[in-house]
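*Asks:* Dropping a structure here in structure tokens format, bear with me for questions.
The values are calculated or read from the model by the stated rules, or taken from the named source; none is laboratory data. Every value quoted in this text rests on a predicted model; they were computed, and no experiment measured them. Every residue, glycine as well, gets a Cβ built from its backbone with ideal geometry; the counts of neighbours run over all protein chains shown. Protein only, heavy atoms only, side chains kept; ligands, DNA and RNA dropped before computing areas. Shrake-Rupley method; radii C 1.70, N 1.55, O 1.52, S 1.80 Å.
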Amino acid sequence: MIDLHVHSTYSDGSETPEELVTRGRRAGLTAMALTDHDTMGGTEAFLEACRQQAMTGIAGVEISAAVEEGHGGLHLLGYGLTPGNAGVKDRLESVLTGRARRNGQIFEKLNGLGLKLEWAEVQAYAGSDMIGRPHFAQALIAREYVSSVREAFDRYLAKGRPAYEERYRLSPEACIRTIREAGGVAVIAHPFSWETDDVKLEAGLRELKALGLAGIEAVYSEYNPEQTVTLLRLAKKLELLKTGGSDYHGKAKPDIALGRGFGSLCVPDDYLQPLLRALGDDNPWVVVSERR
Ligand code: AMP
Ligand code: FE
Ligand code: FE
Ligand code: ZN
């Protein structure tokens, strides 16, 4: 069992990269990838923990791309890319700057709605690098304005709700190019978030493949067997790699367990070798460990 979609305290997860690897060992995972939103700040700590704990580890990132009208969120996972690459640093920095601006606007809106918060309260939950809506949600819970992260999103923070604000996003093309130019492989995360219609999804995936997309996250916490079969069929038809992961966030998504998702998730070990081959034998941002 492997888990190639995991968030740490560097973004909106509640565990450090080291803690994630320890927990992954306990859960029986043989390989993991750290895919924080918009930051690779946890990469070195994560890979070091993988070396020490005999876990196969892949450096990664998750970037939300700008989408056309009519589509849901398009999230691109990058695997095995170089964190210090100039393009990666520049683009992620521009995204984090856009976040900071947007966060100020969310903060104003919440206060305007009578949900008084101090900035320090949001920061108390914030990631080392990235501050996002899940951190606002946790601050709202602490003040007892809402009782769960889900309620915070449903009432205030989700798109279309009164405290929502847009933020700067890279185009899909820029995301994929940035990942590839840094030696990495680009994979579409939770594809049905972007497009629920199979026929439109296939057409969209073909366009992304033309831009350099290499894989699709076919096994995912929120997908039922039928949806998984659809994604596996598309991966095969379009000659894309298959990947999978839980999207574990710790306390920000308390119902999702590392490796196991809502309980029945199991990303097969078989998906690992083709991905490792695509990342290259000498990729320094991959730690290959023999299982002990
Ligand atoms: P942001 O990147 O700051 O706009 O926040 C997006 C993050 O919030 C996502 O990556 C999820 O981790 C989380 N998120 C988005 N929608 C929800 C929701 N409805 N319930 C819980 N978490 C959510
Ligand atoms: Fe998240
Ligand atoms: Fe995502
Ligand atoms: Zn994620």
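*Asks:* For the chain, what is the mean residue ellipticity at 222 nm derived from helices alone (per DSSP H run of n ≥ 4: -39500 (n - 2.57); sum divided by total residues; nearest 500 deg cm²/dmol)?
*Replies:* Roughly -12000 deg cm²/dmol at 222 nm, from the helical runs in the chain.
*Asks:* When only C-alpha pairs under 8 Å and at least 6 residues apart count, what is the relative contact order of the chain, in percent?
*Replies:* 26
*Asks:* Which helices, counted as full DSSP H runs in the chain, have an axial Cα extent of no less than 27 Å and a Kyte-Doolittle average of -1.0 or above?
*Replies:* 86-112
*Asks:* Also, I was wondering about something else. If packing is taken as the average number of other Cβ atoms within 10 Å across a peptide's residues, how do 70-82, 114-126 rank, most packed first?
*Replies:* 70-82, 114-126
*Asks:* Shifting gears a bit: Share of region 23-176's accessible area from carbon and sulfur, percent, 1.4 Å?
*Replies:* Roughly 46 percent, rounded to a whole number.
*Asks:* Continuing with the same structure: Let me know the charge dipole size of the chain about its Cα centre in debye, to the nearest 20, where only the beta-carbon of Lys, Arg (+1) and Asp, Glu (-1) is charged.
*Replies:* I would put it at about 180 debye.
*Asks:* Further question on the same structure: Suppose we keep just the DSSP beta bridges with both residues in the chain; what percent of those would be antiparallel, to 5?
*Replies:* Within the chain, antiparallel bridges account for around 45 percent of the total.
*Asks:* Run the dipole for region 170-245 about the Cα centre, Lys and Arg Cβ at +1, Asp and Glu Cβ at -1, nothing else charged, and hand back the magnitude in debye, nearest 20.
*Replies:* Dipole of region 170-245, to the nearest 20 debye: 280 debye.
*Asks:* Cα-based count: Lys pairs in the chain below 26 Å, eight or more positions apart or different chains?
*Replies:* Final tally of qualifying lysine pairs is 18.
*Asks:* Using a 7 Å offset from Cα along Cα-Cβ at VAL229, what residues in region 243-267 end up with backbone N under 20 Å from the label point?
*Replies:* What the label zone holds, given the 20 Å backbone N cut-off, is 243-244, 264-267.
*Asks:* Counting only protein heavy atoms and using a 1.4 Å probe, what share of the accessible area of region 187-292 belongs to carbon plus sulfur, as a whole percent?
*Replies:* 50
*Asks:* Modelling each spin label as a point 7 Å along the Cα-to-Cβ direction, I'd like the GLN53/ASP197 distance in nm, to one decimal.
*Replies:* 4.4
*Asks:* Okay, next question. Keeping every protein chain present and rolling a 1.4 Å probe, give me the accessible area per residue for the chain in Å².
*Replies:* On a per-residue basis, the chain sits at 45 Å².
*Asks:* How much length is gained on full extension from ALA142 to ASP282, taking 0.36 nm per residue of separation minus their Cα-Cα distance?
*Replies:* Result for the pair: 45.8 nm of gain on full extension.
*Asks:* Rg(Cα) of region 96-157 divided by 2.2 N^0.38 Å?
*Replies:* Ratio of Cα Rg to 2.2 N^0.38 Å: 1.01.
*Asks:* Among LEU275, TRP285, PRO191, pick out the residue whose Cα is farthest towards the positive end of the charge dipole of the chain, where Lys and Arg carry +1 and Asp and Glu carry -1 on C-beta, about the Cα centre.
*Replies:* PRO191
*Asks:* Something else about it: Under a Cβ-only charge scheme (Lys and Arg +1, Asp and Glu -1), can you give me the dipole magnitude of region 96-157 about the Cα centre, in debye to the nearest 20?
*Replies:* Around 220 debye, computed over region 96-157.
*Asks:* Just want to confirm a number: the relative contact order over region 132-204, from Cα pairs under 8 angstrom separated by 6+ residues, in percent.
*Replies:* Relative CO of region 132-204 lands at 13 percent.
*Asks:* Apply 1/(1 + (r/R0)^6) to the Cβ-Cβ distance of GLU166 and MET1, taking R0 = 41 Å, and write down the FRET efficiency to the nearest 0.05.
*Replies:* Working from the Cβ atoms, E equals 0.65.
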